[in-house]
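One structure is given below, encoded as C-alpha cells.
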Amino acid sequence: MSHAVDVPATDGASVRKMDAPATVARGHVDWPYAISFVIYHLVALLAFWPWLFSWTGLVVFMIGVYVFGTLGINLCFHRLLTHRSFECPKWLEHGLAILGVCCLQDTPARWVGVHRLHHQHSDEPEDPHSPLVSFFWGHVGWLLVPNHELSRMQLYERYAKDLLRDPFYMNLERRLFWVWINLIQWAVFFGSGFLIGLATTGADWFEAFRFGLSILIWGVFVRTVVVWHITWSINSVTHLWGYRNYETDENSRNNFIVGIYSNGEGWHNNHHAQPRAAAHGHKWWELDVTYLTILALKSIGLATKIVPFRKLPPGRLVTNNQPVE
C-alpha cells in the first residue's frame, strides 16, 4: 500500500510528498492490531448509550487520561524511557511503565524502539509514521500494515537494547505479562465499579452490574481510545500544522491545540530541536503539564538529573538524528 500526497506548509512553502516506507508489506493487514482497534472503538461507542453513562465513569475517564496517558505514555514511555530526560527510582519507573502498558500501545521496548527510529529518520523514507505520506498514514495507517523494519528483534537490537538489559522489560516481552496486565485492569475497573454499585444500591446486583460496566467502558475503553488518538495526533497533526520556534531538518510543528490537550506533547518542534530536554514547552505560553509533573516529582526527591533545554541561536539548523543510548 503506497500513499503520497502534497501537504501545504503553514509558512507558505510546499512540503514534499513521500511514499510509505519500502519495508511495508503492501497489500497485507496486521490483523491483531486492526481487530484490536476496531473492537476498542466499537466498545467505546457504548459510552453513548444512556444506560451505561454515569458521572462517576466520566470522572474516572478524565482522571485516567492523566494517570495512564500523561504519566504512563508522555512521562514514562516518552521522556523517561525513550529520551532519558530525567532519572527516577526503579520502583517508580516500573510502576509508571505498567501505567503505560495499560494504554495498549505495545510493550515499552517496542514503543521506545519505534520512536527512536522516528527521530533518526524523521520525515524521511525510513520514518515509520510520517504524515507526509498521508494524514491517515501518519495517524493510524502505519499500524495497520506489517513493516519488516519494525520486526521486534531487529528493532530491539538497534534501538532498544539498553531497555531490555532490565529483566522487568524483558519479561514483559517474553512472558506476555503486558497481556495479563491489561486483563487485570479490566477486572479491577469492573470489579471496583461492581462493588461500589453493591454498596450504594442496597445490594441490587443488576444495578451493580450496570455500574461496573459503566466504569469499565469509561475507565478503560473510552480512555484507551482517547489516549490512542492523543498519541497518534502527535505523529500526524504536529508534523503538518503549527508554528516553528526552531529550524529543524524535518517538518515538526508546535500545535497549540494539541499542546494543550496532550499535556505538553504537542510542542513538537521544540521536542525535535532538543529531544533529550525534559521540557517541551519553551515559551511562557506553551503549557507543559508533563514537565510540571516531572518538577513535582523533583520537589519530593523522586526525579533527578533533569535535562534542561538550551537557548539556541536564531536561524540555527538543528538536525534530528537521535542517538541511541
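No lab work stands behind these numbers, since they all come straight from the coordinates. The shown structure was predicted, so the numbers you read here are calculated from the model rather than taken from an experiment. Glycine also receives a Cβ, built like all others from the backbone with ideal geometry; neighbour counts cover every protein chain displayed.
For a quick check, take a GNM of the chain with Cα springs below 10 Å and name the residue from V43, V289, V65 with the largest mean-square fluctuation. In the Gaussian network model the winner is V43. The value obtained for the range 41-318, namely the Cα convex hull volume divided by the number of residues, is 145 Å³ per residue. Work out which trypsin sites (Lys or Arg not before Pro) in the chain are exposed loop sites (DSSP not H, G, I, E or B, at most 13 other Cβ within 10 Å) and give the longest gap free of them. It runs 27-164. Just checking the listed ones, Y159, Y291, Y33: in the Gaussian network model of the chain with Cα springs under 10 Å, the one fluctuating most is Y33. Annotation for T201 and V38: the two label points, set 7 Å from Cα along the Cα-Cβ direction, are 3.2 nm apart.
Looking only at P128, P21, P308, which one moves most when the chain is put into a Gaussian network model with springs between Cα atoms under 10 Å? Per the Cα network of the chain with a 10 Å cutoff, P308 tops the list. Measuring nothing but how far apart in sequence close Cα pairs (under 8 Å, 6+ apart) lie, relative to its length, the chain scores a relative contact order of 23 percent. Of L52, P89, F68, which is farthest towards the positive pole of the range 41-318's charge dipole, taken about the Cα centre with +1 and -1 on the beta-carbons of Lys, Arg and Asp, Glu respectively? Checking the options against the dipole of the range 41-318, the answer is P89. Its alpha carbons give the range 142-199 an Rg and a Dmax of 17.2, 52 Å. Work through the residues other than V133 whose Cβ is under 9 Å from its Cβ and net out their charges, Lys, Arg +1 and Asp, Glu -1. So the surrounding residues net to -1. Annotation: the range 207-325 has a Kirkwood hydrodynamic radius of 16.0 angstrom, from the mean reciprocal C-alpha pair distance.
Here the chain is assigned +1 on the Cβ of each Lys and Arg and -1 on the Cβ of each Asp and Glu. Its dipole about the Cα centre then comes out at about 580 debye. Lys/Arg Cβ at +1, Asp/Glu Cβ at -1, dipole of the chain taken about the Cα centre: which of I306, I196, F168 is farthest positive-ward? Toward the positive end, the furthest listed residue is I306.
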